[in-house]
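Comments concern the structure below.
The values are calculated or read from the model by the stated rules, or taken from the named source; none is laboratory data. Source: prediction; values computed, not measured. Note that each Cβ is placed from the backbone with ideal geometry, even for glycine, and that neighbours are counted across all protein chains shown.
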Amino acid sequence: MFDKLESALRYQQEALNLRAERQKVLANNIANADTPNFKARDFDFRAELDRAMQQGRSAGEGGLSLTRTSSRHIAAEGPRVSGVDDLLYRVPDQPSLDGNTVDMNRERAAFADNSVRYQADVTFVSRRIQGLKKAMQPE
């Protein structure tokens, strides 16, 4: 039964994880708007969601796997760098003289759009869980 619940919510879980990751990328772009030679980054959300649904998470639920060179070493996982395989550079509409490619209008719009979509996904998951809870309760 739990595997059916997990599979029913897996798509939304992956979408929420990627939305949160994209929010970090966009916030980093905004934070570095005045940094010389900073290159704005983003990723193709749809392609990453398709990859996550087909392949699942990489190496132990998204962490980096570490190789033990001796059997006496402690097994561990490295810190999670990014949940995105293909982080791309943005092509600027109008490059600045200092080499920075952050377009604040584009970044703010993408940040707001991603925030609204994240909230919509959270609302959808919440209502789906509420519906499942109601279905499980006896009358």
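Below, the figures for the structure above:
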read-out	value
Residues of segment 22-57 satisfying the condition of being part of a loop (DSSP other than H, G, I, E, B) and under 15 Å from the mean Cα position of the chain (by Cα)	Phe43, Asp44, Gly56, Arg57
Hits in segment 2-16 - residues which are buried (at least 17 other Cβ atoms within 10 Å of the Cβ) and not aliphatic (A, V, I, L, M)	Glu14
Per-region count, segment 90-128, residues under 16 Å from Gln12 (Cβ atoms) and without any contact (Cβ under 8 Å) to a residue 24 or more places away in the chain	6
Only one of Arg19, Arg10 that is assigned to a helix (DSSP H, G or I) and at pLDDT 90 or above	Arg19
Residue match in segment 97-114 (condition: among the charged types (D, E, K, R), more than 25 Å from Glu6 (Cα to Cα), at pLDDT 85 or above and in contact with a strand residue (DSSP E or B) (Cβ under 6 Å, 6 or more places away or on another chain))	no
Which listed residue is surrounded by fewer than 10 Cβ atoms within 10 Å (Cβ to Cβ), of a type in the set (D, E, K, R) and at pLDDT 80 or above, from Arg46, Arg90	Arg46
